[in-house]
Structures are given as structure tokens and as C-alpha cells.
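Inspection log for the structure reproduced underneath, given as C-alpha cells.
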Amino acid sequence: MRGYGWRARIGHIYPAVVAETFMYEFYRIVPPGVTLAQTNLVIQSFNAREGLETSIKMLDQAAEYLAKRKVDIITIGGSPMFRLLGVGSDKTVIDRLERRFGMPVTTNQTAAVEAFKKLGVKKIAVSSPYPDYQNEQVKRFLEGSGFEVVNIKGASAEIEAIHELPLETSYHQARKVFFEAPQAEAIYIPCAHFAVPCLEDLENDLHVPVVSSTTALIWHSFTLLKIRANIIGHGRLLGSLSA
């Protein structure tokens, strides 16, 4: 028996100095027996390159903290870090940390790419909380990973303001993005700081899969750990775990 994390202990490196939404949504989704062990980096603003670069340098130390706690997997948030480093940087970091610590490693970016491959989609509409310059980076990363971004819109929020967005923002914005590009085969809602309480409602309305950063990360973690959880009410991707 390993305490509350008797089924799996998910180690997570959270990019921002303060976390709130991700932890709430994680525990709202995962089944009993799965826990989160989290350490934070120092990102305070998308505009502050110094914070991004410092956080990148902290990744190995943060992963070591989690490995010493004997987590089952190390997951890394902070897609802006990997978008700054360029396409393929997530795989480089994953390879390095897996060799060093001998356990599976994934990132939000990696999980999203693998999720879309699992769903068999190529044309993606993106609904984010980001300002335009971050959306351009998201677009470049997805296109560099082999997908076509058919539409992308953001709420133009900075890090400290994302958690203040009304809960319904992700729902209404995603619908608008999709209706502007109905050829989209899936919707991507990046940023674990962005609340997505209505993901399954969106899927029911639009008849396409909807993937958020948090659902992608949970799905990929469970897939790597070979956990066939019965997760219902949180979208097609997580529902596929029990198939």
C-alpha cells in the first residue's frame, strides 16, 4: 500500500509559480488511487523570456526532486518553454530525463500530439487563453508536428489573468472557433491554467473530439503506465482508456 497513490503517483512539473486550475481539474477527472506530486517552476509572464529560460534550466533539478519521491511517471507542463526551444525539443528533454531517471516522462505538448494521433485527426481548430503571439507559437508547433491548424483564436489573457476568466469562456470560445472552421476534425484547448469544465458538452454539441492540455496529459500518463481506467464524462479521449 502506498497511501492515497496506491494505483499511480503522477509527478508533475508545473511551469508557473502558482498553480490552481490544473490541480482542481486533475482530481476532478482521475479515479481514486491516483495522486499528483507537483513541483513548480518560476514562470510569471509569457512576455518574460528570462522566466522561461530560467525554468528551462530548472527542469532537470525539478525532475530529480520528483524521482526522489519515487513517482511512477514525470510529466512536464509549460508548453511555452518547449515552443521557445522549437519543434522536437520536448522529445530531446524526454529522452534525457528517461535515461537519467529510468521512468516514463511526457510533456503537455507531447501528450497533445499523441492524443491527436490516437484520435486519427489531422485538421485541428485551436481555442486558447493566449495572446496572439503565443497562438502563433502553438500553430507553428502543431504544424511542425504534422497537423493542419484550420483556425486558432485566443482570449488574449496573460498568465496571471487566465484563472480569472469566467468558467464558460472555454465553452463559448471553442464553439466560435469551430463554427468558423467546420472542417476541423478536432478542437484543441491548450494551457492547463485554462478551466475546461464543459469538455464533454462541447463534444456533444459539435460532434468532434475535444482535447485539453489536462485531459491529454492524464490520458498519456495512464497510457504509458498501462492503466485502463473507466473515466466517463470527460470526453472521447479519456473514454478510450477503458476500450
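The values are calculated or read from the model by the stated rules, or taken from the named source; none is laboratory data. Since this is a predicted model, take the numbers as computed values, not measurements. Reconstructed Cβ throughout: ideal geometry from the backbone, glycine too, with neighbour counts over all protein chains shown.
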Search result, residues across region 163-185 that are buried (at least 17 other Cβ atoms within 10 Å of the Cβ) and either among the aromatic types (Phe, Trp, Tyr) or touching a residue at least 40 places away in the same chain (Cβ under 8 Å) (or both)
His163, Thr169, Ser170, Tyr171, Gln173, Ala174, Val177, Phe178, Ala181, Ala184, Glu185
Scan of region 197-216 for residues that are more than 12 Å from Leu237 (Cβ to Cβ) and aliphatic (A, V, I, L, M), ordered by number
Leu202, Leu206
Residue pairs qualifying under the 6 Å Cβ cut-off, at least six apart or on distinct chains, with the first in region 40-60 being modelled with pLDDT of 85 or more and the second being of a type in the set (Ser, Thr, Tyr) and surrounded by 13 or more Cβ atoms within 10 Å (Cβ to Cβ), are Asn40/Tyr14; Leu41/Ser55
Glu160 - would you say it is acidic (Asp, Glu) and in contact (Cβ under 8 Å) with a residue 60 or more places away in the chain?
yes
Out of all the residues in region 27-34, is one or more within 29 Å of Ser156 (Cα to Cα), touching a residue at least 60 places away in the same chain (Cβ under 8 Å) and β-branched (Val, Ile, Thr)?
yes
Look at Gln173 and say whether it is in a loop (DSSP other than H, G, I, E, B), modelled with pLDDT of 95 or more and either not aromatic (Phe, Trp, Tyr) or not assigned by TED's automatic domain parsing to the domain that holds Pro15 (or both).
no
Subset of region 8-24 [charged (D, E, K, R) and surrounded by fewer than 17 Cβ atoms within 10 Å (Cβ to Cβ)]:
Glu20
Answer from Thr110, Thr106 - the residue that is closer than 30 Å to Tyr65 by Cβ and either assigned to a strand (DSSP E or B) or more than 17 Å from the chain's Cα centre (by Cα) (or both):
Thr106
Between residues in region 227-242 that are not assigned by TED's automatic domain parsing to the domain that holds Ile29 and residues that are among the basic types (Lys, Arg) and assigned to a helix (DSSP H, G or I), which pairs lie under 9 Å by C-beta distance while being six or more apart or on different chains?
His234/Arg28; Leu237/Lys118; Ser240/Lys118
Every residue from region 74-105 that is β-branched (Val, Ile, Thr), over 23 Å from Arg49 (Cα atoms) and in contact (Cβ under 8 Å) with a residue 60 or more places away in the chain
Ile74
Here's a check for you: in region 113-158, which residue that is of a type in the set (D, E, K, R) and in a strand (DSSP E or B) is nearest to Pro15 (Cα to Cα)?
Lys153
Being small (Gly, Ala, Ser) and buried (at least 23 other Cβ atoms within 10 Å of the Cβ) is the filter; apply it to region 83-142 and report the residue that is nearest to Ser240 (Cα to Cα).
Ala115
Pick from region 204-243, criterion in a helix (DSSP H, G or I) and among the hydroxyl-bearing types (Ser, Thr, Tyr), ranking: surrounded by the fewest Cβ atoms within 10 Å (Cβ to Cβ)
Ser242
